[in-house]
Amino acid sequence: MRDARSDATASARALPQAGPTVIDIRGLSLTFQTADGPVYALSDVDLAIGEGEFVSFIGPSGCGKTTLLRVIADLERATGGHISVNGVSPEEARIRREYGFVFQAPALYPWRTVGRNVELPLEIFGMPKAERRARMRAMLELVNLGGFEKKYPWQLSGGMQQRASIARALSFDPKLLLMDEPFGALDEIVRDHLNEQLLKLWEKTRKTVVFVTHSIPEAVFLSTKIVVMSPRPGRIIDVIDCDLGPERPLEIRETPRFLEIAHRVREGLRAGHSYED
């Protein structure tokens, strides 16, 4: 059996460089107006994400990491600063169908088969039936759900449902994949398995992935870059390059470099007062 430390060293040398900037955020802020007064969700956020990167946002509950993801997706609008996605506004990127979004829950329609759930965006976009069926089958194969297209969501495990959700998000070949804690509700064994599968999927597709998580080990295991955020108003405390390489067996979590990066993430969270009572 190969030593995980040797694997980490070799794969780090093979880590591809990030491509051109696809998400450019400068001085971004977002304030929600409520009956009790303004809520400052994000403050002075600066961030650049390159093509092909896997970037995780991590921070305490309420720090604005999901809000920042939703701003990228044009599900929330910034109240200050600048953001562009592939050189255009988030709204224009959404209209161009340049990203797929995976929510915390799979959000599959129980009355539609798995295959018809994956086809749904293609159906809405008016793609011919034969083409969308072929695309659906290819996406299910990509997430290791080939042969399950005639099953219903309630016949699948939670992990399989989330994989179907990822297949749906990829069905129209978006340039970016935005993921909001997709594995947060799953048990540790299933989560580990899906983390491995997601890395393999990223290696195959080379999509730019922006991923929200509460888990330090998950962030370190998956990412090429980790963005550590402070409590509200959300600010970026640290941006950490995760140079573990693309090939990451679960055993890599026991290596000195993995533990070193995890320690830096933890220190960033402490610096942002994430552990206040």
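The values are calculated or read from the model by the stated rules, or taken from the named source; none is laboratory data. All values reported here derive from a predicted model rather than from experimental measurement. All Cβ positions, even for glycine, are placed from backbone atoms using ideal geometry, and neighbour counts span all protein chains on display.
Points to keep in mind about this one:
- Qualifying residue in segment 85-98 (condition: closer than 21 Å to Leu201 by Cα and either within 20 Å of the chain's Cα centre (by Cα) or of a type in the set (Asp, Glu) (or both)): yes
- The set of residues in segment 171-184 that are out of contact with any strand residue (DSSP E or B) (no Cβ under 6 Å at 6 or more places or on another chain), crowded, with 22+ Cβ neighbours inside 10 Å and within 23 Å of Phe57 (Cα to Cα) contains only Phe183.
- Of all residues in segment 97-137 being among the acidic types (Asp, Glu) and more than 20 Å from Ala73 (Cα to Cα), the one that is surrounded by the fewest Cβ atoms within 10 Å (Cβ to Cβ): Glu131
- Within segment 194-213, tally of residues that are under 18 Å from Glu247 (Cβ atoms) and either free of Cβ contacts under 8 Å to residues at least 60 places away in the same chain or touching a Lys or Arg at 6+ places or on another chain (Cβ under 9 Å) (or both): 10
- Residue match in segment 100-117 (condition: under 25 Å from Ser157 (Cβ atoms), out of contact with any Phe, Trp or Tyr (no Cβ under 6 Å at 6 or more places or on another chain) and among the charged types (D, E, K, R)): yes
- Among the residues of segment 199-216, the one identified as assigned to a helix (DSSP H, G or I) and modelled with pLDDT of 95 or more is Ile216.
- Filter result (over 19 Å from Lys175 (Cβ atoms) and either within 17 Å of the chain's Cα centre (by Cα) or among the hydrophobic types (A, V, I, L, M, F, W, C) (or both)) within segment 23-56: Leu28, Leu30, Phe32, Ala35, Val39, Ala41, Leu42, Val45
- A single member of Glu76, Glu92, Glu98 is acidic (Asp, Glu) and closer than 27 Å to Pro246 by Cβ, and it is Glu98.
- Hits in segment 63-80 - residues which are closer than 16 Å to Leu176 by Cβ and small (Gly, Ala, Ser): Ala73
- Qualifying positions in segment 168-193 - more than 16 Å from Val210 (Cα to Cα) and touching a residue at least 12 places away in the same chain (Cβ under 8 Å): Arg168, Ser171, Phe172, Ala185, Leu186, Val190, Arg191, Asp192, His193
- Subset of segment 37-95 [surrounded by fewer than 21 Cβ atoms within 10 Å (Cβ to Cβ), closer than 14 Å to Thr208 by Cα and either touching a residue at least 60 places away in the same chain (Cβ under 8 Å) or touching a Pro at 6+ places or on another chain (Cβ under 6 Å) (or both)]: Gly50, Glu51, Gly52, Leu69, Ala73, Asn86
- The condition (being crowded, with 18+ Cβ neighbours inside 10 Å, touching a residue at least 40 places away in the same chain (Cβ under 8 Å), hydrophobic (A, V, I, L, M, F, W, C) and touching a Lys or Arg at 6+ places or on another chain (Cβ under 7 Å)) is satisfied by just one residue among Ile216, Ile236: Ile216.
- Against the list (1) outside any loop (DSSP other than H, G, I, E, B); (2) under 24 Å from Asn86 (Cα atoms), the condition Pro174 fails is (1).
- Residue match in segment 242-249 (condition: outside any loop (DSSP other than H, G, I, E, B) and either in contact (Cβ under 8 Å) with a residue 60 or more places away in the chain or in contact with a Gly (Cβ under 8 Å, 6 or more places away or on another chain) (or both)): no
- Segment 1-35, subset closer than 25 Å to Arg206 by Cβ and at pLDDT 90 or above, residue surrounded by the fewest Cβ atoms within 10 Å (Cβ to Cβ): Pro20
- Within segment 128-140, the set of residues being over 14 Å from Pro174 (Cβ atoms) and touching a residue at least 12 places away in the same chain (Cβ under 8 Å) comprises Arg132, Arg133, Met136, Arg137, Leu140.
- Here Pro38 clears all of (1) part of a strand (DSSP E or B); (2) modelled with pLDDT of 95 or more except the condition numbered (2).
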